[in-house]
Structure formats: C-alpha cells, structure tokens
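Colleague: Supplied in structure tokens, the structure appears directly below.
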Amino acid sequence: MISNKDIEQQVFDILDECDELEFENKGEDAINKIIEVWNLINYPKMKEPMGYLLLERFFDLCIKCKKFELANKWISMIFISALDRVDDGDREFIAGRLAYEQGDLGIAKELFTIANIKSEGELFKGKEKKLYRDLIK
C-alpha cells in the first residue's frame with residue numbers, strides 16, 4: 001500500500017507533468033497519466049482528498065481534448081469524491097462545463113444555476129467564463 005504522503009507527492013508530480021503535457025499539446029497523454037495515478041490511490045478512493053484534485057484536472061483535460069465519452073463515464077465520481085470539502089459549487093460547475101461543451105444546454109443551465117448559487121457567483125468571474133455566465137442570465 002502507498003502512504004498518504006506518497007500519494008500526495010505523486011499527485012502533485014503528475015499534475016505538474018500534466019501541465020507540461022498539455023502545454024506540448026499532448027492532452028491525451030496527460031489524461032492517461034491521471035488515470036495511471038488514479039489506479040494507485042488506495043480504497044476507498046472517494047475519501048482520498050488528492051483524488052478530488054485528480055478528478056478536477058481529469059475533467060478539465062477531457063473537456064479540452066473533447067473526450068466526452070470518457071468524461072461522461074467518470075462524471076458521477078466528482079459528486080461523491082472528498083465529500084468533506086466545502087460544497088462551493090465546483091462539482092456542479094465541472095459537470096455543467098461537460099454538458100455545455102457537448103451541447104446539452106438545458107442540463108448545463110441547471111448545473112450552472114446551482115453552481116452560481118453555491119459559489120455566490122465566484123465561479124463565473126473572468127472573461128474565460130463569459131459563455132457559461134451568459135447561459136444563466
């Protein structure tokens with residue numbers, strides 16, 4: 001078994017490596033790295049705080065690489081992972097982005113509305129989030 005400290009370091013190392021791979025336009029390689037380290041996390045994986053960070057990055061990469069089928073298979077995990085985290089709408093925002101990018105605007109609007117309420121608008125600040133913000137106006 002891998003210790004929590006080892007997992008934490010591996011996750012941070014993989015996230016750094018994923019940033020480099022994404023910069024090199026190798027998003028699919030980054031996704032595979034995340035899956036590789038996900039498989040090293042001890043059970044119950046959903047209670048592992050570092051698992052949530054991996055899932056966040058996983059969905060970001062899947063959306064950017066348009067790996068929607070893969071992301072759709074994993075999306076339920078974001079809602080049951082690290083439940084001790086503050087519920088600030090991040091989960092709904094991630095799922096909303098996934099729905100939006102697939103053209104499911106009705107579901108995206110519902111999820112974004114919840115995320116907006118929970119985050120008190122914080123998740124929708126910035127130019128890069130204008131498309132999402134416009135959907136819930």
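Values quoted throughout were computed directly from the atomic coordinates according to the rules given, and no laboratory measurement underlies them. From a predicted model like this one, the values you see are computed outputs, not experimental measurements. Please note: Cβ atoms are built from the backbone with ideal geometry, for glycine as well, and neighbour counts cover all protein chains shown.
Colleague: If you average the sequence gap of Cα pairs under 8 Å that are 6 or more apart and divide by the length of segment 1-67, what percent do you get for the contact order?
Modeller: On the way: 49 pairs, mean separation 24.0, N = 67.
Rounded, it is 36 percent for segment 1-67.
Colleague: Taking the Cβ of each residue in 85, 91 as the centre, tally the other Cβ atoms inside 10 Å and list the residues starting with the fewest.
Modeller: Sorted ascending by nearby Cβ count, the order is 85, 91.
Colleague: Let me ask you something else. Please work out the Kirkwood hydrodynamic radius for the chain, using every pair of different C-alpha atoms, and report it in angstroms with one decimal place.
Modeller: Working: mean 1/r = 0.0644 Å⁻¹.
It is 15.5 Å.
Colleague: At q = 0.13, 0.17 Å⁻¹, what log₁₀ I(q)/I(0) does segment 1-67 have when each alpha carbon counts as one equal point scatterer in the Debye sum?
Modeller: Once normalised to I(0) and log-transformed, intensities are -0.32, -0.54.
Colleague: Helix 49-64: angle to the longest alpha-carbon principal axis of the chain, degrees 0 to 90, nearest 10?
Modeller: Its long axis makes an angle of about 60 degrees.
Colleague: To the nearest 20 debye, what is the magnitude of the charge dipole of segment 1-67 about its Cα centre, counting +1 on the Cβ of each Lys and Arg and -1 on the Cβ of each Asp and Glu?
Modeller: Dipole size: approximately 400 debye.
Colleague: Another one. Work out the charge dipole of segment 1-67 with +1 on the Cβ of Lys and Arg and -1 on the Cβ of Asp and Glu about the Cα centre, then indicate which of 21, 44, 9 is farthest towards its positive end.
Modeller: The Cα lying farthest towards the positive end belongs to 44.
Colleague: Right, another one. So what's the back-of-envelope 222 nm ellipticity for the chain, counting only DSSP H runs of four-plus at -39500 (n - 2.57) apiece and dividing by all residues, rounded to 500?
Modeller: Value at 222 nm, helices only, nearest 500: -22000 deg cm²/dmol.
Colleague: Is segment 68-137 rounded, prolate or oblate when judged by the Cα gyration tensor, a ≥ b ≥ c being the square roots of its eigenvalues, rounded requiring a/c under 1.5 and prolate requiring a/b larger than b/c?
Modeller: Oblate, since a/c reaches 1.5 and b/c is not below a/b.
Colleague: Now, a different point. Please state the relative contact order of the chain as a whole percent: Cα pairs under 8 Å, 6+ residues apart?
Modeller: Relative contact order for the chain comes out at 17 percent.
Colleague: Continuing with the same structure: What distance in nm separates the two pseudo spin-label positions at residue 26 and residue 9, each 7 Å out from Cα along the beta-carbon direction?
Modeller: 2.3
Colleague: Let me ask something additional. Which angle from 0 to 90°, rounded to the nearest 10, does the C-alpha axis of helix 68-80 make with the longest principal axis of the chain?
Modeller: 80
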